[in-house]
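Every read-out reported here was derived from the displayed coordinates using simple, explicitly stated rules and does not represent laboratory data. Everything numeric here is computed off the predicted structure, so don't read it as measured data. We place every Cβ from the backbone using ideal geometry, glycine too, and count neighbours over all the protein chains shown.
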Amino acid sequence: MIDGAKIQISYGLGACYNNMDFKEITICNPFFEMLPPDWQVNILPFWEVYKNSTKCYVLLENDEPIAGGLVFSECPPDMLNTKEEADGWFKNGYLYLGFIYVLETKRGQNLGSLWLSHLKNKFPKQKYWLTIEDMGLHGFYIKNGFVKVKTLSNAGQDEILYAFYGI
């Protein structure tokens, strides 16, 4: 901020972003409220258990969350069927990225890449892993520096595991 005004910043992602902030929030309700209902049922019932080992980072526009995600330091509720796999990644210093979401009205503006870029720059030596069910996201994660590692079967559904090895 210069003289109390927010400035326009270009993050090298092909767009300029006004009034944007990336921050960790400890009261996560604004993030959870922006998630689709079918995502909410996969995290909200478990949040009391996970909130002390999980951080929530959001991208705010005019103080409203428009994108965000959770960074887990222990096996998240949607990965319990592959807990042994998850524990191996955590043991090797990786954190799990889950529930990464951009509001539908804000998609196509590189905000998911911006969120990941902020997270990676905030913790440049940190390694991450994640899984996807939607193969349409493969190119997005490859573009953002993740490497496809393997396919897992989680509750009868194949998921692709990706890793980011740090900056």
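Values computed for the structure shown
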{"read-out": "Length released on extending from ASP87 to LYS55, taking residue separation times 0.36 nm less the Cα-Cα span", "value": "9.7 nm"}
{"read-out": "Nearest-ten-degree value, helix 111-122 long axis tilted from longest Cα axis of the chain", "value": "80 degrees"}
{"read-out": "For LYS127, residues with placed amide H under 5 Å, excluding near neighbours", "value": "LEU95"}
{"read-out": "For the chain, calculated [θ]222 nm from helices alone, where every DSSP H run of n ≥ 4 adds -39500 (n - 2.57)", "value": "-7000 deg cm²/dmol"}
{"read-out": "HN-Hα J in Hz across the stretch 27-32 - Karplus 6.51, -1.76, 1.60, θ = phi - 60°, x for Gly and Pro", "value": "9, 8, 3, x, 5, 4"}
{"read-out": "Length added when fully stretched, LYS127-LEU152, from 0.36 nm per residue minus Cα-Cα", "value": "7.1 nm"}
{"read-out": "Qualifying trypsin sites (Lys or Arg not before Pro) in the stretch 15-71, DSSP loop, other Cβ atoms within 10 Å at most 15", "value": "LYS51"}
